[in-house]
Structure formats: structure tokens, C-alpha cells
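Engineer: Pasting a structure below so you can have a look.
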Amino acid sequence: MNDTADVAPAVRSILAAARDRDGGSERLSVDARSLPHAFAAAESEGRIPVIAEVKPTSPTTEGTREDDPVELARQMVDGGAAALSVLTEPDHFGGSAENLRKIREAVDVPVLRKDFVVREDQLDVVESDVILLIARFVDDLSGLLEAAEARDFQALVEVHDGEELSEAIEAGASIIGVNNRDLAKLEVDLATFESVAPAVPEDVTLIAESGVTTPKDARRMRDAGADGLLVGSAIMDGDVQMNTEKFVNAETNE
């Protein structure tokens, strides 16, 4: 789709940096941990499947978290996170491929690489279990999805509206995330997920992204059909283990 004409200046800057960033020098082949299986395991134990995000900073947050990212990741898993999301975008989010490598070695849950991947060679930067592909910013979603799966990555295809959802389904996405944040205005509205979710096929793993800041939000997204939640700032802001526990237990502690 690669629709960037009306995105916020901060996002345009991120994309410009992403297009200039080098890819990997050798094609990867990963032995991925299954995200759907991790979600099912969490469900069987009475937990909401949560992807907790190790996010040092972002254009929409204030300040930088300087704790050891590996220790933060361990605390999130101890708190019940079914999976982790690790930022590898260096210029605007303070992430790195090295952080992801260290975290993936230290935990036994699936790890999502959170970045703006726009070319096939950028898939080869670091091994992860899941790779994020943002439908709006990819020229050939079907081709990049196929390239990711050829390396045995699981691909989380992110969409924001019905048109992008149709593109993701047509491309063959089996894991879809609905971003509640409008990248044109950087505004968040949980109704976005509620409007898109009904059109998602039942055999697709569906994730609600952005704007889940309270247990009430978590329950709202689950009621709307979310198989899992991606939670970043609300977990990173404070004691990450306690915050993770709050979200994974949101349905049992109403």
C-alpha cells in the first residue's frame, strides 16, 4: 500500500529512516516459537494473552526507560506475559537488534520484532519468532509476507481500517493486529478495533494494539474479539511485573 501522504510528521521521519536503514547481509532461517500456541497456553491457564512490549521510548511517550531490557523482559514473563515485543528501531524508539538477541536468549516465550520493515533484506537483521509488517507502509505486502514466511518467521500484519484488513487477508495473513492509533493524527480510539474486528476471519489470530491502558480497556478489547493484546506504555510505566499481572488477570479480577 505504502500510503504515507497524510501520516504525522513524526511517522514520516521514522519511515524515511527505515528506508535508509541497511538490511542483513545473510538470509536468515529461524526456528520460531509459536505465537498462537503461546496464546492458547495462556488461555488454558486463565490468563489474557498479552504481548508485553519492551519499549525504551517512543515519539508518543515522555522520557526514556534506561533499565536493563533483559531484566525488564524477564519481569514481564514472570508477570504472565504470553509473548514479548521488542523494539529494534534505533532512531526514534531507542531499540536495537542486540537487545532483541539478548532478550530472546533469556526468555522462553515468542518474541516479536517491532520495527518498520519495508524491504526483504531488512528481514535478515536479527532472528525473532514474529516479525511486524505494517500494511500501510509496505509496497508489496503479499511478497514481503511470503519472504518472511519463507524464513519461517511468523508475520504479524498490522492494519488500521477495513481497506488494509482486506489487503492483509488477500495477502494470506494468519496473524493480524488492529492498531487503534491513527498514524495520521497519532490519536488513539479503541472503537477502531471494534469497527474492524467483525470482518476478520475466525481462523486468524487477532491482536488489539495501542490504547490498552487499563484492565477495563483489556476487557473491552477481549469482548470485541481480540485473541490477544499488545500492551506497551501501560506496562513500561512503573513496575513492569505488577503491571503485566494487572493486564493478564483483567478478566478474573474485574
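The values are calculated or read from the model by the stated rules, or taken from the named source; none is laboratory data. Just so we're clear, the structure is a prediction, and the values are computed from it rather than from any experiment. Please note: Cβ atoms are built from the backbone with ideal geometry, for glycine as well, and neighbour counts cover all protein chains shown.
Engineer: Keeping to region 175-203, report how many residues are touching a residue at least 24 places away in the same chain (Cβ under 8 Å), part of a strand (DSSP E or B) and charged (D, E, K, R).
Structural biologist: 1
Engineer: Quick one: in region 4-39, which of the residues that are in a helix (DSSP H, G or I) and under 30 Å from Asp203 (Cα atoms) is nearest to the chain's Cα centre (by Cα)?
Structural biologist: If we take residues in region 4-39 being in a helix (DSSP H, G or I) and under 30 Å from Asp203 (Cα atoms), then Leu35 is nearest to the chain's Cα centre (by Cα).
Engineer: Tell me which of these Asp182 doesn't satisfy, since it passes every other one: (1) within 17 Å of the chain's Cα centre (by Cα); (2) closer than 28 Å to Asp31 by Cα; (3) not basic (Lys, Arg).
Structural biologist: (2)
Engineer: Tally time: how many residues in region 207-240 are under 19 Å from the mean Cα position of the chain (by Cα) and either within 24 Å of Val70 (Cα to Cα) or in contact (Cβ under 8 Å) with a residue 60 or more places away in the chain (or both)?
Structural biologist: Residues meeting the conditions: 19.
Engineer: Next question. With Ala191, Ala148 as the choices, which residue is of a type in the set (A, V, I, L, M), within 23 Å of Phe39 (Cβ to Cβ) and either touching a Lys or Arg at 6+ places or on another chain (Cβ under 7 Å) or modelled with pLDDT of 95 or more (or both)?
Structural biologist: Ala148
Engineer: Then there's this: Give Leu229, Leu165, Leu206 a once-over and let me know the one that is over 23 Å from Ala38 (Cα atoms) and either part of a helix (DSSP H, G or I) or modelled with pLDDT of 95 or more (or both).
Structural biologist: Just one listed residue meets the conditions, Leu165.
Engineer: Further, regarding this structure: Assess whether Gly46 counts as being surrounded by fewer than 16 Cβ atoms within 10 Å (Cβ to Cβ), within 25 Å of Glu164 (Cβ to Cβ) and modelled with pLDDT of 90 or more.
Structural biologist: no
Engineer: So is Arg136 modelled with pLDDT under 95 and closer than 27 Å to Ala191 by Cα or not?
Structural biologist: Yes; evaluated as a whole, the condition is true for this residue.
Engineer: With Ala218, Ala224 as the choices, which residue is touching a Phe, Trp or Tyr at 6+ places or on another chain (Cβ under 8 Å), of a type outside the set (Lys, Arg) and over 16 Å from Ala82 (Cβ atoms)?
Structural biologist: Only one candidate passes the filter, namely Ala224.
Engineer: In region 123-169, which residue that is hydroxyl-bearing (Ser, Thr, Tyr) and out of contact with any Asp or Glu (no Cβ under 9 Å at 6 or more places or on another chain) is surrounded by the fewest Cβ atoms within 10 Å (Cβ to Cβ)?
Structural biologist: Only one residue fits best here, namely Ser166.
Engineer: Here is a further query. When you go through (1) over 25 Å from Ala40 (Cβ atoms); (2) touching a residue at least 40 places away in the same chain (Cβ under 8 Å); (3) in contact with a Leu (Cβ under 8 Å, 6 or more places away or on another chain) one by one for Ala147, which number turns out not to apply?
Structural biologist: Going through the list (1) over 25 Å from Ala40 (Cβ atoms); (2) touching a residue at least 40 places away in the same chain (Cβ under 8 Å); (3) in contact with a Leu (Cβ under 8 Å, 6 or more places away or on another chain), Ala147 breaks only (2).
Engineer: To continue, here is another question. Which members of region 240-252 meet the condition of being at pLDDT 95 or above and surrounded by fewer than 18 Cβ atoms within 10 Å (Cβ to Cβ)?
Structural biologist: Residue satisfying the conditions is Met242 alone.
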